[in-house]
Amino acid sequence: MIRFLTAGESHGKALVAIVEGFPSNLLLSKDYINNQLRRRQAGYGRGTRMKIESDSVQILSGMRFGKTLGSPISFLIENKDWENWKELMDNERQSQSKEKISIPRPGHADLVGITKYNFNDIRNSIERSSARETAARVAAGTVARKFLKEFDISIGSFVVSIGGLYSSKNYLDQLLENRDLSRKTGDEISDKSDRSSLRVLDQIQEKKIINKIKSVKKTGDTLGGTFIVVATGVPVGLGSFMHFDRKLDADIAFHIMSINAVKGVEIGKGFSSAEMLGSEVHDEITLKQNSFSRTSNSAGGIEGGISTGLPIIIRAVMKPISTLSKPLKSIDLKTMKGVSSRYERSDFTAVPSCAVIAESMLAWVLAKHFLIKFGGDSIEETKNNYKSFTSKYFQRLKKDFKK
Ligand SMILES: Cc1cc2nc3c(=O)[nH]c(=O)nc-3n(C[C@H](O)[C@H](O)[C@H](O)COP(=O)(O)O)c2cc1C
């Protein structure tokens, strides 16, 4: 079983991730991780913070000569902005500045955080609830991504809508109906979306959204949106229906939902299946080149909590950013009087980045269930186990059912 922990405050000295449970001899590099960190930081609509930070990882342990050792891998990502926050974020000494944040922002962790943890400064809530932490998650998720690559499993994403503006092409239907976009690998999908500043697949849509972001920015407001994450090359058999907490769909929903500001996750046809007939939803079973196939992929690659062997298709919703320069109503806790909410440097939209974080979370869940199924202390052993299952299960079923 793999696991990871992250630590670090948004304006603290650094973020840290410790990743444990991956087999030895997996090739990994700093550059490979930094490339994913760069993708997380990009996107039209981000605030000025992303101009200050150019994330770069230091690998502190768990690797030797470019390969994993099987021991815990630890990463450190420095916060460049810490130089400006040294005093306010000192681990020990009280700051000379008496700055104390007392006005909670609606939609953020500000009010619930101070209430739950008995803080008298909202800064203490802001620092850890910030999505800055997701940089450490992407570093951890990239180990999983590299591991999955060894088995030709690739993960990609694209933005479907921002502020209610969609493409005229229905890319989700293409994926669910096994046509057009469904023929691309996860990597190919991300290669295409990464060329857009909004990570969309449609240039006309991109222009419309950029104009909307510009106009919303002027009014001091923010935008959310939807995105799709796809994993291709996933073998049949990851996850289990034997117990609720082993279900692949449940684990994916949990990990995607844990990303800041994500408020909905669906798999395959998801919510739209509520209005359809069973015959329109379920994927008929056929035979293709000595294996099973499906006429469609409405299930999004998972049935009964187990991967079917078809691409895994996840759609998620990110709400609009909570920090608005157009103030919402709040209460100043110093005076307990109604005031306008405060503004702190912020993004206007971060859906493109959220989709990259979701790629990492999906990679993590798939690597976890892959290792539960195939195990192995070294990558060579995992490969042998994988090969012996995938090359034999169809022949075995054919033989066993004849008896
Ligand atoms: C990539 C990314 C960037 C974000 N940037 C901001 C931001 O600049 N300002 C802000 O108020 N919220 C931002 N958020 C959202 C908050 O972190 C989130 O709304 C907050 O932690 C409260 O959690 P909740 O929305 O899940 O309830 C961002 C989220 C993500 C995923």
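In the range 16-45, the residue that is surrounded by the most Cβ atoms within 10 Å (Cβ to Cβ) out of those that are free of Cβ contacts under 8 Å to residues at least 40 places away in the same chain and in a helix (DSSP H, G or I) is Asn34.
Out of Ile59, Ile77, which single residue is within 16 Å of the ligand (Cβ to nearest atom), among the hydrophobic types (A, V, I, L, M, F, W, C) and either surrounded by 17 or more Cβ atoms within 10 Å (Cβ to Cβ) or at pLDDT 90 or above (or both)? Can you show your working first?
Values: Ile59 fails: within 16 Å of the ligand (Cβ to nearest atom).
Unique residue meeting the criteria: Ile77.
Note on the range 123-150: residues that are over 20 Å from Pro106 (Cβ atoms), within 11 Å of the ligand (Cβ to nearest atom) and in contact with a helix residue (DSSP H, G or I) (Cβ under 9 Å, 6 or more places away or on another chain) amount to 5. Residues in the range 194-237 that are more than 19 Å from the chain's Cα centre (by Cα) and of a type in the set (A, V, I, L, M): Ile204, Ile209, Ile210, Ile213, Val216, Val236.
Just to check your reading of the model, which residue among Ser293, Ser360, Ser353, Ser307 is closer than 30 Å to Met63 by Cβ, more than 16 Å from the ligand (Cβ to nearest atom) and among the polar types (S, T, N, Q)?
Numbers: Ser293 fails: closer than 30 Å to Met63 by Cβ; Ser360 fails: more than 16 Å from the ligand (Cβ to nearest atom); Ser353 fails: more than 16 Å from the ligand (Cβ to nearest atom).
Testing whether each residue is closer than 30 Å to Met63 by Cβ, more than 16 Å from the ligand (Cβ to nearest atom) and among the polar types (S, T, N, Q) leaves just Ser307.
Evaluate the following for Val339: is it within 16 Å of the ligand (Cβ to nearest atom), in contact with a strand residue (DSSP E or B) (Cβ under 7 Å, 6 or more places away or on another chain) and touching a residue at least 12 places away in the same chain (Cβ under 8 Å)? Working first, answer last.
Details: within 16 Å of the ligand (Cβ to nearest atom): no; in contact with a strand residue (DSSP E or B) (Cβ under 7 Å, 6 or more places away or on another chain): yes; touching a residue at least 12 places away in the same chain (Cβ under 8 Å): yes.
So Val339 fails the test.
Summed over the range 229-280, residues that are over 26 Å from Asp152 (Cβ atoms), among the polar types (S, T, N, Q) and in contact (Cβ under 8 Å) with a residue 24 or more places away in the chain total 3. Residues in the range 337-395 that are among the aliphatic types (A, V, I, L, M), out of contact with any Asp or Glu (no Cβ under 8 Å at 6 or more places or on another chain) and either crowded, with 16+ Cβ neighbours inside 10 Å or part of a strand (DSSP E or B) (or both): Ala350, Val351, Ala355, Val356, Ile357, Ala358, Met361, Leu362, Ala363, Leu366, Ala367, Leu371.
When the residues of the range 102-144 are filtered to those that are surrounded by fewer than 22 Cβ atoms within 10 Å (Cβ to Cβ) and small (Gly, Ala, Ser), which remaining residue is farthest from the chain's Cα centre (by Cα)? Among them, the one singled out is Ser102. Every listed requirement among (1) surrounded by 15 or more Cβ atoms within 10 Å (Cβ to Cβ); (2) within 16 Å of the ligand (Cβ to nearest atom) is met by Lys263 save one, (1).
Return the pairs, sorted by first residue and then second, in which the second residue is among the aromatic types (Phe, Trp, Tyr) and away from the ligand (no atom under 11 Å from the Cβ), the first residue lies in the range 117-141 and is at negative phi and assigned to a helix (DSSP H, G or I), the beta carbons are less than 6 Å apart, and the residues are 6+ apart or on different chains. Taking only residues 6 or more apart or on different chains, the pairs are Ala139/Phe75; Ala140/Phe4; Gly141/Trp364.
The values are calculated or read from the model by the stated rules, or taken from the named source; none is laboratory data. Computed from a prediction, not measured in an experiment: that's the story for all the values here. Reconstructed Cβ throughout: ideal geometry from the backbone, glycine too, with neighbour counts over all protein chains shown.
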